[in-house]
Structures are given as C-alpha cells and as structure tokens.
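Visitor: Would you mind keeping the following structure in view while I ask a few things?
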Amino acid sequence: GAGVSQSPSNKVTEKGKDVELRCDPISGHTALYWYRQSLGQGLEFLIYFQGNSAPDKSGLPSDRFSAERTGGSVSTLTIQRTQQEDSAVYLCASSLVRASGRDTQYFGPGTRLTVL
Amino acid sequence: GDSVTQMEGPVTLSEEAFLTINCTYTATGYPSLFWYVQYPGEGLQLLLKATKADDKGSNKGFEATYRKETTSFHLEKGSVQVSDSAVYFCALTTYSGAGSYQLTFGKGTKLSVIP
C-alpha cells in the first residue's frame with residue numbers, strides 16, 4: 001500500500017509568515033510522530049499523536065509550533081511567525097496500532113522548509 | 001536523557017570493502033535499537049532493528065547485534081556496493097512517560113562507496 005506522504009515537498013517563506021505542513025500517514029496507523037532534521041541539531045522529536053490526541057508535545061521548540069490531527073489520519077504542523085532558525089526538513093512518521101518501543105516507525109519523504 | 005553516539009563521517013570505502021559503523025547508546029530503560037538509512041534524495045528507511053539483548057538484526061547484507069553489556073549496536077557489512085552510499089543513522093526508542101516512544105537518533109554517518 002501507499003507509504004507516508006507529506007506536502008509540500010519544499011516550502012520557501014519569508015520571516016514572520018505562518019506555514020502549514022501536512023502529513024498523510026499509512027492507512028490504519030494510529031500513532032503519528034513529527035520530527036525535525038536540521039544541520040545543527042540532527043534529527044529531533046517534536047510531537048506524538050495517538051489517534052487525534054497529542055499526549056506528548058515535549059519536543060515542540062516554542063509556542064509558535066502547534067499540530068493537530070483529524071479523523072485519526074491527516075496531521076498538520078503549523079509554524080507561526082516563522083524564524084530563520086525554523087529552516088529544516090520536517091519529517092512525519094507513523095506506526096501501527098499504538099506506540100510501542102518495538103514498532104517500526106515509517107517515515108515520509110519530508111518537507112524542506114526554508115525561511116528567508 | 002537518553003542519547004546515541006555514532007562514529008563521525010564521512011566514511012569512504014572501495015567497493016567490496018568491509019564496513020563497520022560504531023554506535024553506542026545511553027538509556028535509562030531497556031530500549032529497542034534501530035539502524036535507519038537515508039539514500040540521496042530519499043526519506044528515512046528502516047534498515048534493521050533489534051528489540052532485546054543479544055538479538056541480531058539483519059537486512060540487505062547488513063547486520064548489527066544488540067550488546068547490552070557494552071551498550072552498543074555496531075553496523076557491519078562484509079562487502080559494500082556503490083548502491084550502499086547513503087547516510088546511516090543509529091537510533092533507539094525512548095519512552096517518554098506520556099505514551100510515546102519517540103526515536104532518539106545519532107548524528108548520522110555518511111558513507112560513500114567508490115568503484
């Protein structure tokens with residue numbers, strides 16, 4: 001079946017603008033994660049969804065970052081008032097049933113965000 | 001907190017050479033361990049995993065053994081190919097206490113294999 005998809009693949013925005021990044025997980029996967037990949041920080045966890053709720057938001061770097069998930073499927077990561085340090089590749093991953101340390105997380109291709 | 005340390009790259013090898021990428025970890029609990037690979041222009045893919053001590057994960061000729069006594073999960077391949085050129089990430093799952101098992105990654109090792 002289809003893998004995790006993300007859109008857009010690339011996004012260039014001006015400092016101070018808001019952006020929305022979308023993730024479509026694998027059908028039937030109830031656990032969904034957002035990560036960020038940047039040159040300076042490597043790969044970092046941002047937020048975790050189980051169904052439509054987000055019990056772990058501990059990785060969000062500031063209150064400019066928020067995310068939601070609807071219908072237990074599509075998730076949107078929103079960054080308000082973007083800053084240059086937000087430039088990174090934003091990755092979405094999903095896993096089957098519910099989160100487990102043993103479950104494989106399947107990653108999407110990412111959205112490359114560039115803030116000018 | 002939990003962390004992963006892997007050897008710094010880049011690593012350049014000739015085709016058919018032996019590959020080792022070292023990975024060690026620090027974890028408060030009993031993590032599962034993973035190697036992910038990122039080919040040029042593509043997303044992260046799971047290469048192999050091991051969920052308990054002494055387990056060996058293997059895939060596409062790559063192997064790694066979960067060594068609890070040395071807190072290590074070194075990646076090996078006996079004979080690399082040009083098509084193995086990629087960035088390799090060692091990772092573990094960390095339970096956050098809020099129901100999530102987020103991945104904690106090493107910084108990645110870039111491998112280039114030359115013909």
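Here, each number is a calculation from the coordinates, and none is a lab measurement. Here the structure is a predicted model, which is why all the values come from computation and not from measurement. Cβ atoms come from the backbone with ideal geometry, glycine included; neighbour counts cover every protein chain shown.
Visitor: How large is log10 of I(q)/I(0) for segment A:36-116 at q = 0.11, 0.15, 0.17, 0.19 Å⁻¹ when the intensity is taken from the Debye formula with one equal scatterer per alpha-carbon?
Guide: Log-scaled intensity ratios, in q order: -0.30, -0.56, -0.72, -0.90.
Visitor: Using a simple charge model, +1 on the beta-carbon of Lys and Arg, -1 on the beta-carbon of Asp and Glu, nothing else, what dipole does chain B show about its Cα centre, in debye to the nearest 20? Intermediate values should be presented prior to the final figure.
Guide: Numbers: 9 positive and 11 negative charges, 47 e Å.
Its charge dipole is roughly 220 debye.
Visitor: In debye, nearest 20: dipole of chain A around its Cα centre with unit charges on the Cβ of K, R (+) and D, E (-)? Please list the in-between numbers first.
Guide: Numbers: 12 positive and 11 negative charges, 13 e Å.
In debye, rounded to 20, chain A gives about 60.
Visitor: A further question follows. Full-extension gain between A:Leu96 and A:Ser9, please, as 0.36 nm times their residue separation minus the C-alpha to C-alpha distance. Could you put the intermediate results ahead of the total?
Guide: Values: separation 87, 0.36 × 87 = 31.32 nm, distance 2.41 nm.
Extra length from A:Leu96 to A:Ser9 when fully extended: 28.9 nm.
Visitor: While we're here: Cα-based Rg (one decimal) and Dmax (whole number) for segment B:30-114, in Å?
Guide: 13.3, 45
Visitor: Separation between the A:Ser62 and A:Ser27 pseudo-spin-labels, each 7 Å from Cα along Cα→Cβ, expressed in nm?
Guide: A separation of 4.0 nm, rounded to one decimal place.
Visitor: In addition: Relative contact order of chain A, please, whole-number percent, based on alpha carbon pairs below 8 angstrom and at least 6 residues apart.
Guide: Numbers: 297 pairs, mean separation 42.8, N = 116.
In percent, rounded to a whole number, it is 37.
Visitor: Can you figure out the FRET efficiency of A:Asp18 with B:Gln45, using R₀ = 41 Å and their beta-carbon distance, to the nearest 0.05?
Guide: Values: r = 31 Å, r/R0 = 0.77.
For A:Asp18 and B:Gln45, the calculated efficiency is 0.85.
Visitor: Could you give me the percent of Cα pairs per 10 Å distance bin for the protein assembly as shown, shortest bin first, beginning at zero and ending with the bin that holds the maximum distance?
Guide: Distribution as computed: 8, 33, 35, 20, 5, 0 percent.
Visitor: Residue by residue through B:91-100, how many Cβ atoms from other chains fall within 10 Å of the Cβ on average?
Guide: On the way: counts 2, 1, 7, 2, 4, 7, 3, 8, 8, 15.
That works out to 6 on average.
Visitor: Now for a separate question. How large is ³J(HN,Hα) for each residue in segment A:67-81, as worked out from phi by the Karplus curve 6.51 cos²θ - 1.76 cosθ + 1.60 (θ = phi - 60°), to whole Hz, x for Gly and Pro?
Guide: 8, 9, 9, 10, x, x, 10, 4, 10, 10, 9, 10, 10, 9, 6
Visitor: Also, I was wondering about something else. Any lysines with Cα under 17 Å of the B:Lys49 Cα? List them, leaving off those in the same chain fewer than 8 positions away.
Guide: Once the sequence-local lysines are set aside, what remains near B:Lys49 is B:Lys60, B:Lys68, B:Lys77.
Visitor: Another question about this same structure. Evaluate peptide B:39-45: per residue, the Cβ atoms of other protein chains within 10 Å of its Cβ; return the mean as an integer. Intermediate values should be presented prior to the final figure.
Guide: Values: counts 0, 0, 1, 3, 12, 11, 3.
The per-residue average across the peptide is 4.
Visitor: Still on this structure: Report the paramagnetic label zone for A:Leu116: residues of segment A:14-34 whose backbone N is under 20 Å from a point 7 Å from Cα along the Cα-to-Cβ axis.
Guide: Residues A:14-21 qualify, since their backbone N sits under 20 Å from the label point.
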